[in-house]
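Input: a single structure, listed below in structure tokens.
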Amino acid sequence: MKTVEEIKSAIEAAVPGAGVEIAPNPNGALPHSLRIAPECALAVAKFLRDDEELKLDYLSNVTGVDWPESLEAVYHLYSMEKKHGPVVIRMHTVNRTDEVELPSLTPVWRSAEFQEREIFDLYGIVFTGHPDLRRLLMWEGFKDHPMRRDYVAPDDFEYEPTAHDEVLKRVQERQAAMAGEKQAEAGA
Amino acid sequence: MTKYVSLEQGELSFEDSQLPESRAWAPALVDEKPEGWNRPALIAPSGDGELLEVAMGPHHPSTHGVFRMDVALDGERVIRLKPVFGYLHRNHEKIAEGQSYLASMPFTDRLDYICPITNNWAYALAVEKLVGQEVPERAEYLRVILGELTRFQNHASSIGFLIQEMGASGTPLMYAFREREKILDLFEELTGARMMVNYMRFGGCRVDASAGWLERTRKVVAGLGGFVDEFERLLATNEILMARTQGVGVLRADLAVNAGVTGPMLRASGVNYDIRKVDGYGIYNRFNFRVPLGDHGDVYDRFMIRLLEMRESVGILEQALRDIPVGPVMSATAKIRGFRPKAGESYGRIEAPKGELGFYLISDGGPNPYRYRVRPPSLINLTILEDMCLGHDVADVVLIFGSVDIVLGEVDR
């Protein structure tokens, strides 16, 4: 299995102008990943899947991450044919608010279909070129993206009046009345 | 030239499908793989009747929980199928990001609640990778023993459910549950709970197994081989089962790989990929076992693969119970209080009974994970559900869906 540096130079040789950088893992003992420029992500993905030496034919895991300045999608690739991996590639959006498009890798690896839908749903990254981009877990018509770190859950969530509330109210009224009576006694 | 169903024809009215044209891609069964070969090959309606749209679920008895399939039917034939998720969504990942690493351990039990031990194991593995934690020998053996018992009971009950959906209600499922009950009794004795075990810790296991427990486990395992033989004699050559499952729901190997299908589903399509062999995580490279492979990729192969894997699990259990050493079950260097991994990220994965279960963690050095992600095999194995069901009868959809073997706690998280 090639090292991350070798994979980087192989991508640069095969896809001219591919902006590939090594994203170091802060914990030096664990493997590093590759940051791909979104413009040429599809070409890079096709190269990684079809290259004879790499043959990363299996996309295992797609993760959305919410960073303070941008949103990120992380892809974990393995090879079922060569039985090696993982190679981790990641892409950043420009910001968290309006420029949140990333190219979908579903045309290359079908296993991204539901996972990218989930990230669209929970993080709000819009995957361009996805064949069927809809919310996966939240319902249609839901507005926000609950996995974002600044998400605020509505405080009236699933509030339903129950019989218990009425009982509680009666108790409170009675207590207030008793307190009033006591005050009147003390005054007298 | 195949005529594809498109929404412009106005015959289908899925409320949620505004499908772009790229959906009408070429069929999958061609060898040269044109652009979009990995999309469902849509089927044209016969045109001699009206199409019927049926919502199977979320309370259909065959969905094993709250799962919905919106199917469009031409007579009995399925021409479209859309899975709908989210009825059991509780944002497991968000909750886990708001609490300490250890506090999520009992919550992983609730993902795939048929196999809590393997969920614990995958999570413990990811965290141990993140902090570089060693696990003592005896704990590794206990993990293998419990993991294989879990695999055995999962496969047995999933076969039982599959046969029950074919109409054989009762007998095979009760045979499977009889064995599952013995295994759950062992779990209860060791961990205190039949299902919500909360057994593993980062760097070992929570409690040690007594000599008596190991003896009782040996006794149970000695009976499991006979059960597999009995189960196979009962089912494998059953005429109704063969007629209903052979050639139904075929999944091609290249599509299975491309769609990220893992576990018995993948191996039934003939792809030799078992993470126990590939990664050799824990101590799996010490055991002698074979990986069964199917050659048709249909429902029958998936059933047979599970049956054969049960037999291999019994083999692993016998070896592990023979070799288990004495010693501690928690590493002396394991930290419980003030657990703060260094900044970094790790991905740990295991061969869970349903496929590749992975946990991806990003630590920023704090007591909570910055990002906690579950890679759910049940959800990703459903990606190709539509591909497998198109063109089959409604009754077959129930079987094909049953042969995927999912648990909704993991699909919706």
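Relative contact order for the stretch B:325-413: 21 percent, from Cα pairs under 8 Å spaced at least 6 residues apart, divided by residue count.
Given only helices, namely DSSP H runs of n ≥ 4 each adding -39500 (n - 2.57), what is the per-residue ellipticity at 222 nm of chain A, to the nearest 500 deg cm²/dmol?
On the way: 4 runs with 57 residues, N = 188.
The helix-only estimate for chain A comes to -10000 deg cm²/dmol at 222 nm.
Other residues within the sphere of radius under 13 Å centred on the Cβ of A:Glu6, judged by their own Cβ, net out at -2 (K and R +1, D and E -1). Fully extending the segment from A:Val126 to A:Glu140 would add 3.5 nm, taking 0.36 nm per residue of separation and subtracting the current Cα-Cα distance. Other residues whose C-beta falls under 13 angstrom from the C-beta of B:Met265 contribute a net charge of -3, scoring Lys and Arg +1 and Asp and Glu -1.
Projected label points at A:Val171 and A:Leu30, each 7 Å from Cα along the beta carbon direction, are separated by 4.8 nanometres.
Taken residue by residue and averaged, Cβ atoms of other chains lying within 10 Å of the Cβ of B:257-269 number 4.
Can you give the average number of partner chain beta-carbon atoms within 10 Å of each beta-carbon in peptide A:58-71, as a whole number?
Values: counts 11, 5, 11, 12, 5, 11, 3, 6, 3, 3, 0, 0, 0, 0.
Per residue, the average neighbour count from other chains is 5.
Separation of the stretch B:74-151 from the stretch B:315-369 is 12 Å, based on Cα centroids. Think of it as helices only: each DSSP H run of n ≥ 4 in chain B is worth -39500 (n - 2.57), and spread over all residues that comes to -13000 deg cm²/dmol at 222 nm. Only lysine pairs 8 or more places apart, or on different chains, with alpha-carbon atoms under 29 angstrom apart are counted in the stretch B:92-412, and they number 14. Short-range pairs are left out: with C-alpha atoms under 8 Å and at least six residues apart, the relative contact order of chain A is 13 percent.
Cα centroids of the stretch B:258-283 and the stretch B:56-72: 28 Å apart. Note on A:26-33: average number of Cβ atoms from other chains within 10 Å of each residue's Cβ is 5. As a rough guide to protection, the peptides B:106-116, B:56-66, A:3-13 ranked by mean Cβ packing within 10 Å, highest first, stand as B:106-116, B:56-66, A:3-13.
Only the coordinates and a few stated rules stand behind these numbers; no lab work does. This structure is a prediction, so every number in the text was calculated from the model and none was measured. Cβ: placed from backbone, ideal geometry, glycine included. Neighbour counts: every protein chain shown.
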